[in-house]
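Comments concern the structure below.
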Amino acid sequence: MGAGPVHDTLAALRLVDHHCHGVVTTGLDGPAFRSLLTEGADWPGISPFDSPVGVAVRRHCAPLLDLPRHAPAEEYLARRADLGAHEANRRFLAAAGTGLFCVDTGFTPQRLTTPGELAAMADAGAFEVVRLENVAEAVAAEGVEPGEYGERFRAAAERAVRRPGVVAVKSVAAYRTGFALDPARPSDAEVTAAAGPWLASGGRLADPVLVRHLLWTAVDLGLPLQLHTGFGDADIRMHRVDPTLLTDWLHLTAGTIPVLLLHCWPYQRQAAYLAAVFERVYVDVGLTLHYVGPARARAVLAEVLEITPFRKLLYSSDAYGVAEFYHLGALAFREGLSGLLQERVDADELSLSDALRIATWAGADNARQVYRFSATT
């Protein structure tokens with residue numbers, strides 16, 4: 001691991017994790033734990049432990065369970081089970097050193113911690129991010145006429161964001177339609193026409209017109225909008241989630257809300273371009289960092305920081321399900337960014353004072369500036 005003033009500053013910094021999820025509160029057997037280690041599946045004969053993220057867990061997380069580095073997977077799982085879910089979660093969340101969490105509460109195929117429960121476990125603060133597709137699908141489930149859908153969705157979204165502790169909204173348009181959408185705001189007539197077939201058939205919101213309506217509703221709400229881009233599970237069609245496909249929409253919405261491009265890999269350079277040319281676009285490489293692990297975090301961060309303004313990079317873990325990802329994400333971010341910045345200081349390409357400012361901005365202050373926690377909660 002690194003050493004020096006940049007490393008020490010990041011090591012001591014209480015991070016602001018601007019996008020994450022809860023953790024599972026019950027014990028996880030081997031198959032359940034392995035399924036949460038991957039965006040793919042726990043395939044027969046191909047263990048997620050035999051992947052970059054699995055190796056990183058055994059290397060960097062095993063010591064927090066009182067195991068040697070690189071402990072075998074079965075020993076790791078047995079020790080985790082002996083400690084119990086609460087103690088394992090507590091150890092990893094404490095090690096992450098996060099001071100504030102922004103928690104996406106919209107994906108809960110199993111019981112996860114609430115923002116308040118996560119905060120208590122980590123001795124931190126927590127805020128909520130509202131997933132707008134969930135709001136739309138709840139409106140549809142309640143029963144609504146096609147001609148009333150647009151206004152009912154807007155009213156429901158406004159109620160959702162007025163809840164105490166809500167600081168942002170999120171869309172998973174990447175999963176539902178991709179970003180090759182008509183950028184214009186749809187008319188009321190278009191929304192009504194598209195709502196009819198969807199409301200009749202039910203299911204997930206995946207109509208391009210209604211997704212456009214959702215994105216424009218996000219603009220009207222006025223809160224920061226988080227957008228999944230790039231890497232995700234098998235629902236993603238990767239060629240449709242390049243964030244530069246949003247360019248025309250970003251032109252139309254310029255000067256309105258902050259747009260936060262999440263994850264980004266393998267499009268971190270495209271995301272960096274958007275952050276460099278649009279005032280209110282920001283990027284992170286959350287999710288990516290724990291999957292590539294500390295060994296490759298510096299390389300990913302170097303690519304996103306080739307042209308990204310330093311006030312535009314935020315930290316997130318995108319941890320979901322297992323608390324190991326909070327620890328790994330934070331560790332990879334601290335080690336990767338400190339190594340990158342220290343290298344530039346040593347080469348006299350960056351002053352030490354600038355490097356320390358950039359480290360603090362990316363780890364915490366940029367998120368505080370975008371979300372304005374004290375003004376919204």
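The values are calculated or read from the model by the stated rules, or taken from the named source; none is laboratory data. In this text the structure is predicted, and so the values were computed from the model without any measurement. Here the Cβ is made from the backbone with ideal geometry for all residues, glycine too, and neighbour counts use every protein chain on show.
Could you list, in sequence order, the residues of the range 169-209 that are among the aliphatic types (A, V, I, L, M), in a helix (DSSP H, G or I) and under 24 Å from the mean Cα position of the chain (by Cα)? Once the filter is applied, which keeps residues that are among the aliphatic types (A, V, I, L, M), in a helix (DSSP H, G or I) and under 24 Å from the mean Cα position of the chain (by Cα), the range 169-209 yields Ala173, Ala174. Total residues in the range 268-289 satisfying the condition of being farther than 10 Å from Thr308 by Cβ and surrounded by fewer than 23 Cβ atoms within 10 Å (Cβ to Cβ): the figure is 5.
For the range 210-262, the set of residues classified as modelled with pLDDT under 95 and not in a helix (DSSP H, G or I) consists of Gly230, Phe231, Gly232, Asp233, Ala234, Asp235, Ile236, Arg237, listed by residue number.
Among residues of the range 127-148 that are within 23 Å of Asp104 (Cα to Cα), those with a beta-carbon under 7 Å from a residue that is of a type in the set (Asp, Glu) and modelled with pLDDT of 95 or more at least six positions away or on a different chain give the pairs Val129/Asp104; Arg131/Asp104. Suppose we keep only residues that are within 18 Å of Leu227 (Cβ to Cβ) and not small (Gly, Ala, Ser) within the range 309-331. Which one would you say is surrounded by the fewest Cβ atoms within 10 Å (Cβ to Cβ)? By that ranking, first place goes to Tyr320. For Pro208, state whether it is farther than 30 Å from Leu100 by Cα and in contact with a Leu (Cβ under 6 Å, 6 or more places away or on another chain). Spelling it out, Pro208 is indeed farther than 30 Å from Leu100 by Cα and in contact with a Leu (Cβ under 6 Å, 6 or more places away or on another chain). Checking Tyr291 against (1) touching a residue at least 40 places away in the same chain (Cβ under 8 Å); (2) assigned to a helix (DSSP H, G or I); (3) within 20 Å of Leu250 (Cβ to Cβ); (4) among the aromatic types (Phe, Trp, Tyr), which test does it fail? Unmet for Tyr291, out of (1) touching a residue at least 40 places away in the same chain (Cβ under 8 Å); (2) assigned to a helix (DSSP H, G or I); (3) within 20 Å of Leu250 (Cβ to Cβ); (4) among the aromatic types (Phe, Trp, Tyr): (3). Among the residues of the range 81-140, those that are under 12 Å from Thr25 (Cβ atoms), touching a strand residue (DSSP E or B) at 6+ places or on another chain (Cβ under 7 Å) and crowded, with 21+ Cβ neighbours inside 10 Å comprise Asn89, Thr113, Leu118. Only helices (runs of 4 or more DSSP H) whose full extent lies in the range 52-166 are considered here, and the ones with at least 2 residues that are within 18 Å of the chain's Cα centre (by Cα) and more than 30 Å from Leu13 (Cα to Cα) are 132-142. Within the range 344-377, the residues that satisfy the criterion of being out of contact with any Leu (no Cβ under 7 Å at 6 or more places or on another chain), more than 28 Å from Val103 (Cα to Cα) and free of Cβ contacts under 8 Å to residues at least 24 places away in the same chain are Asp346, Ala347, Asp348, Glu349, Ser351, Ser353, Asp354. Would you be able to say whether some residue in the range 22-32 is crowded, with 21+ Cβ neighbours inside 10 Å and closer than 23 Å to Pro115 by Cβ? Checked the range 22-32: at least one residue is crowded, with 21+ Cβ neighbours inside 10 Å and closer than 23 Å to Pro115 by Cβ.
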